[in-house]
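J.: I'd like to ask some things about the structure below.
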Amino acid sequence: MARFKTIDALDVKGKRVLVRLDLNVPVKDGKVTDATRIERSAETVKVLASKGAKVILLSHFGRPKDGPDAANSLKPVVPAIADATGLKVAFAADCIGPVAEEAVAKLEPGQVLLLENTRFHKGEEKNDPGFVAELAKLGDFYVNDAFSAAHRAHASTEGLAHKLPSAAGRAMEAELNHLAKALEAPERPLVAVVGGAKVSTKLDLIGNLLGKVDALVIGGAMANTFLAAEGLNVGKSLYEKDLLDTARSIMADAKKRDVALILPRDVVVAAEFKPMAVAKTVPANTVPSDMMILDVGAGALADIAARFESAKTVVWNGPLGAFETPPFDQGTNTAAQQVAMLTKMGTLVSVAGGGDTVSALINAGADDKFTYVSTAGGAFLEWLEGKTLPGVAALEKSA
């Protein structure tokens, strides 16, 4: 389990607490259109405010290139934070310097202030010691509640943890605890589902999982590369010709480690990739040359279901088929709904994450029925790959 302090260990009454959130949320016409990340961190803000802290929020937003610009201002996010926390939120037009210092000086215990986009200063992404020092001047404590940015060694995600007494916020704490439960000390059997378009983007992930799981389900277009590596005709399907040897090596490694590698024994094919295209299910070894594989078949789903039934833990990253385009969402929907059902029954711990994964689970109506669904994207993937996340490592070192 990760070793880090939580906000419960901090005596924050009357103190200035710099809280790193991930407020890089979608905004359209000046309004936040998806406040999930804000809502997950709301508890941290509310707890600190209730303890009498002066809560100072930090975040990046977008990718500004040459300093401040209106399109990348955090100001439009203020109402969403207020709605999620039930607290009044002030705003400062800079995150360091006189503007920020004056705004912080006006804060009373229990009040909340959002500072402007940290990426308006080049020192943020460079983790520049001078910029870190300027930020640190504004606080007595540092709380990181932005797991989704923890894979970046930036000033506000990593540097501050070395300058101030630090702790993990509630969302960070939940993320780390769930991931540790899923991969570091899981109840077994542990089954991983890895899908998506390309094997090449998941090599590190597969390599790390093979040393941890009891069974590995391969889905999505990346499964086509494995089928082709077995000598099967995959028709017009998307696959990576230059990774056939790599796929064979992965299969050999799985066999050596006694990890069950689950490939689809039947697949859903169509002549065209378009919504509601005419499709049929065929054995994986009889794919017509003029068709493409777009989803897993009923037999494959039965194999996957059997693994879920006997599992105690499921880790999921990536869809099983082209879920954005019906009817090729059925495989992912069916499998996700089964995991959701087993989770509800209490027989399974289920953890999922990654951009496409979250969208696929939402499409299946299962996103709120898993034990935990991470919205972290790149940080979640790097954690599954076994990589050290600078933001997490800094918290652990601080503790």
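The values are calculated or read from the model by the stated rules, or taken from the named source; none is laboratory data. As the structure is a prediction and not an experimental result, all values here were calculated from the model. All Cβ positions, even for glycine, are placed from backbone atoms using ideal geometry, and neighbour counts span all protein chains on display. These accessible areas exclude ligands, DNA and RNA; they are computed on the full protein's heavy atoms, side chains included. Shrake-Rupley method; radii C 1.70, N 1.55, O 1.52, S 1.80 Å.
J.: So, in segment 232-270, how many residues would count as being out of contact with any strand residue (DSSP E or B) (no Cβ under 8 Å at 6 or more places or on another chain) and not small (Gly, Ala, Ser)?
T.: 15
J.: While we're here: Residue check: is residue 52 assigned to a loop (DSSP other than H, G, I, E, B), touching a residue at least 60 places away in the same chain (Cβ under 8 Å) and touching a Pro at 6+ places or on another chain (Cβ under 9 Å)?
T.: On the way: assigned to a loop (DSSP other than H, G, I, E, B): yes; touching a residue at least 60 places away in the same chain (Cβ under 8 Å): no; touching a Pro at 6+ places or on another chain (Cβ under 9 Å): yes.
Taking the combined requirement at face value, the residue does not satisfy it.
J.: Output the residue which, of all residues in segment 73-109 that are small (Gly, Ala, Ser) and not in a helix (DSSP H, G or I), is surrounded by the fewest Cβ atoms within 10 Å (Cβ to Cβ).
T.: 86
J.: Among the residues of segment 338-355, are any under 22 Å from residue 198 (Cβ atoms), more than 22 Å from the chain's Cα centre (by Cα) and buried (at least 16 other Cβ atoms within 10 Å of the Cβ)?
T.: Taking every residue of segment 338-355 in turn, none turns out to be under 22 Å from residue 198 (Cβ atoms), more than 22 Å from the chain's Cα centre (by Cα) and buried (at least 16 other Cβ atoms within 10 Å of the Cβ).
J.: Which numbered condition trips up residue 289, out of (1) open to solvent by less than 40 Å² (accessible area, probe 1.4 Å); (2) over 17 Å from residue 348 (Cβ atoms); (3) of a type in the set (Gly, Ala, Ser); (4) without any contact (Cβ under 8 Å) to a residue 60 or more places away in the chain?
T.: For residue 289, the failing item is (1).
J.: Going by the structure shown, is residue 42 aliphatic (A, V, I, L, M), part of a helix (DSSP H, G or I) and open to solvent by 10 Å² or more (accessible area, probe 1.4 Å)?
T.: no
J.: I'm checking my understanding of the structure. Among residues of segment 110-156 that are of a type in the set (S, T, N, Q), touching a residue at least 60 places away in the same chain (Cβ under 8 Å) and part of a loop (DSSP other than H, G, I, E, B), which one is least open to solvent (accessible area, probe 1.4 Å)?
T.: Going through the qualifying residues, I end up with 156.
J.: While we're looking at this one, here's another question. Can you spot a residue in segment 116-124 that is hydrophobic (A, V, I, L, M, F, W, C) and at pLDDT 95 or above?
T.: Taking every residue of segment 116-124 in turn, at least one turns out to be hydrophobic (A, V, I, L, M, F, W, C) and at pLDDT 95 or above.
J.: Of everything in segment 357-374, what is of a type in the set (S, T, N, Q) and open to solvent by 30 Å² or more (accessible area, probe 1.4 Å)? Give them in sequence order.
T.: 359, 363, 371
J.: Residue 66 passes all but one of (1) open to solvent by 20 Å² or more (accessible area, probe 1.4 Å); (2) of a type outside the set (Phe, Trp, Tyr); (3) under 28 Å from residue 390 (Cβ atoms); (4) in a strand (DSSP E or B); which number fails?
T.: (4)
J.: Going through segment 183-193 one residue at a time, which ones are under 18 Å from residue 376 (Cβ atoms) and either part of a loop (DSSP other than H, G, I, E, B) or out of contact with any helix residue (DSSP H, G or I) (no Cβ under 9 Å at 6 or more places or on another chain) (or both)?
T.: 184 - this is the single residue of segment 183-193 that is under 18 Å from residue 376 (Cβ atoms) and either part of a loop (DSSP other than H, G, I, E, B) or out of contact with any helix residue (DSSP H, G or I) (no Cβ under 9 Å at 6 or more places or on another chain) (or both).
J.: Just to be sure, is residue 196 in a loop (DSSP other than H, G, I, E, B) and free of Cβ contacts under 8 Å to residues at least 12 places away in the same chain?
T.: Working: in a loop (DSSP other than H, G, I, E, B): yes; free of Cβ contacts under 8 Å to residues at least 12 places away in the same chain: no.
Against the criterion (in a loop (DSSP other than H, G, I, E, B) and free of Cβ contacts under 8 Å to residues at least 12 places away in the same chain), residue 196 does not qualify.
J.: Same structure, new question: Being under 27 Å from residue 358 (Cα atoms) and among the hydrophobic types (A, V, I, L, M, F, W, C) is the filter here; which residues of segment 5-43 pass it?
T.: 19, 21, 23, 25, 27, 32, 35, 38, 42, listed by residue number.
J.: Still on this structure, please answer the following. Could you give every pair whose Cβ atoms fall below 8 Å, whose first residue belongs to segment 203-226 and is of a type in the set (Ser, Thr, Tyr), and whose second residue is assigned to a helix (DSSP H, G or I), counting only separations of at least 6 or pairs across chains?
T.: 225/199; 225/243; 225/244; 225/247
J.: Considering only residues of segment 332-360 that are of a type outside the set (A, V, I, L, M, F, W, C) and in contact with a Pro (Cβ under 8 Å, 6 or more places away or on another chain), which is modelled with the lowest pLDDT?
T.: Ranking the qualifying residues of segment 332-360, first place goes to 356.
J.: Also, I was wondering about something else. Would you mind finding the one in 273, 328, 308 that is surrounded by fewer than 17 Cβ atoms within 10 Å (Cβ to Cβ), hydrophobic (A, V, I, L, M, F, W, C), touching a residue at least 40 places away in the same chain (Cβ under 8 Å) and touching a strand residue (DSSP E or B) at 6+ places or on another chain (Cβ under 7 Å)?
T.: 273
J.: Continuing with the same structure: Which residues, counting only those in segment 200-217, are open to solvent by less than 20 Å² (accessible area, probe 1.4 Å) and either of a type in the set (Lys, Arg) or within 19 Å of the chain's Cα centre (by Cα) (or both)? Reasoning before the result, please.
T.: Within segment 200-217, the subset open to solvent by less than 20 Å² (accessible area, probe 1.4 Å) is 205-206, 209-210, 213, 215-217.
Of everything in segment 200-217, those that are open to solvent by less than 20 Å² (accessible area, probe 1.4 Å) and either of a type in the set (Lys, Arg) or within 19 Å of the chain's Cα centre (by Cα) (or both) turn out to be 205, 206, 209.
J.: Surrounded by fewer than 17 Cβ atoms within 10 Å (Cβ to Cβ) and out of contact with any Asp or Glu (no Cβ under 8 Å at 6 or more places or on another chain): which single residue out of 240, 184 fits that description? Give the steps one after another, and end with the answer.
T.: Details: 240 fails: surrounded by fewer than 17 Cβ atoms within 10 Å (Cβ to Cβ).
So the residue among 240, 184 that is surrounded by fewer than 17 Cβ atoms within 10 Å (Cβ to Cβ) and out of contact with any Asp or Glu (no Cβ under 8 Å at 6 or more places or on another chain) is 184.
J.: Continuing with the same structure: Looking at segment 244-273, which of its residues are within 26 Å of residue 325 (Cα to Cα) and either in contact with a helix residue (DSSP H, G or I) (Cβ under 9 Å, 6 or more places away or on another chain) or of a type in the set (D, E, K, R) (or both)? Before the answer, list the steps.
T.: Step one: of segment 244-273, the residues within 26 Å of residue 325 (Cα to Cα) are 262-273.
Hits for segment 244-273 are 262, 263, 264, 265, 266, 267, 268, 272.
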